[in-house]
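Participant: Here you go, one structure.
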Amino acid sequence: MSGLRVAVLALQGAFAEHEQALANLGVSAFELRQRRDLERSFDGLILPGGESTVQGKLLRETGLFDPLQARIASGLPVFGTCAGLLLLAGRIQNDERTHFATMDTVAVRNAYGRQLGSFATVGTCKGIGQIPMTFIRAPYLASVSGDAEALAEVDGRIVAARQGKQLVTAFHPELTSDLSVHEYFLRLIRAD
């Protein structure tokens, strides 16, 4: 997968773990922190877990929001984990705010409760197979519509989805040694 360069939003949250996963796959990554970082060339974008409200606020304050939203809407491959899922959701059921809103999905914030609601399991993800799933104050998708497709469910709740070159997971693949979700995202970047 060498030759690819992936930007990792590094305003808040678990971005370093995504950078490490990409490094383990031999992929160049850099931290996206300010508007001038958009001048660098990149093939895909990762929106990490963290606090979506804070990330949304910082995206707007740094001037990154509008240009990133336009690029994602124009087909930039993007992978959002946990908070990143909320940033891409077209609607958030228990929050009036939306952020990029580029996916035909309805998300539910903190759906598994607070920190005590965190858990790990193994599940099947379409196009990948069996993978470990680590949930931390995770959202889930109440529904997908249009071109969005559910890729994985846990206890009847959608926890991974794809729409074109947009991929979201409610869980944190970057917190395990399994690199298959990141590999799947890199295949999306490479796909014509």
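The values are calculated or read from the model by the stated rules, or taken from the named source; none is laboratory data. Treat the numbers as computed from the prediction; the structure is a model and nothing was measured. Note: ideal-geometry Cβ built from the backbone for every residue, glycine included; neighbour counts use all protein chains shown.
Participant: So which of 49, 80 is under 20 Å from residue 107 (Cα atoms) and touching a Cys at 6+ places or on another chain (Cβ under 8 Å)?
Facilitator: 49 is the lone residue from the list that is under 20 Å from residue 107 (Cα atoms) and touching a Cys at 6+ places or on another chain (Cβ under 8 Å).
Participant: Hand me the list of strands (runs of 3 or more DSSP E) wholly inside the range 14-104 holding 3 or more residues that are within 17 Å of residue 139 (Cα to Cα) and in contact (Cβ under 8 Å) with a residue 40 or more places away in the chain.
Facilitator: Hits in the range 14-104: 78-81.
Participant: Shifting gears a bit: Are any of the residues in the range 137-150 in contact with a Phe, Trp or Tyr (Cβ under 6 Å, 6 or more places away or on another chain), over 12 Å from residue 79 (Cα atoms) and crowded, with 18+ Cβ neighbours inside 10 Å?
Facilitator: Checked against the condition, which is being in contact with a Phe, Trp or Tyr (Cβ under 6 Å, 6 or more places away or on another chain), over 12 Å from residue 79 (Cα atoms) and crowded, with 18+ Cβ neighbours inside 10 Å, the range 137-150 yields at least one hit.
Participant: Yes or no: residue 127 at pLDDT below 95 and surrounded by fewer than 18 Cβ atoms within 10 Å (Cβ to Cβ)?
Facilitator: Criteria not met by residue 127.
Participant: Please determine, by comparing only the residues of the range 76-94 that are at pLDDT 95 or above and farther than 23 Å from residue 187 by Cα, which one is surrounded by the fewest Cβ atoms within 10 Å (Cβ to Cβ).
Facilitator: The qualifying residue surrounded by the fewest Cβ atoms within 10 Å (Cβ to Cβ) is 91.
Participant: In addition: Can you find a residue that is touching a helix residue (DSSP H, G or I) at 6+ places or on another chain (Cβ under 9 Å), closer than 27 Å to residue 177 by Cβ and surrounded by 19 or more Cβ atoms within 10 Å (Cβ to Cβ) anywhere in the range 56-75?
Facilitator: no
Participant: Output the residues belonging to the range 3-13 that are surrounded by fewer than 21 Cβ atoms within 10 Å (Cβ to Cβ) and either without any contact (Cβ under 8 Å) to a residue 60 or more places away in the chain or part of a strand (DSSP E or B) (or both).
Facilitator: 3, 5, 10, 12, listed by residue number.
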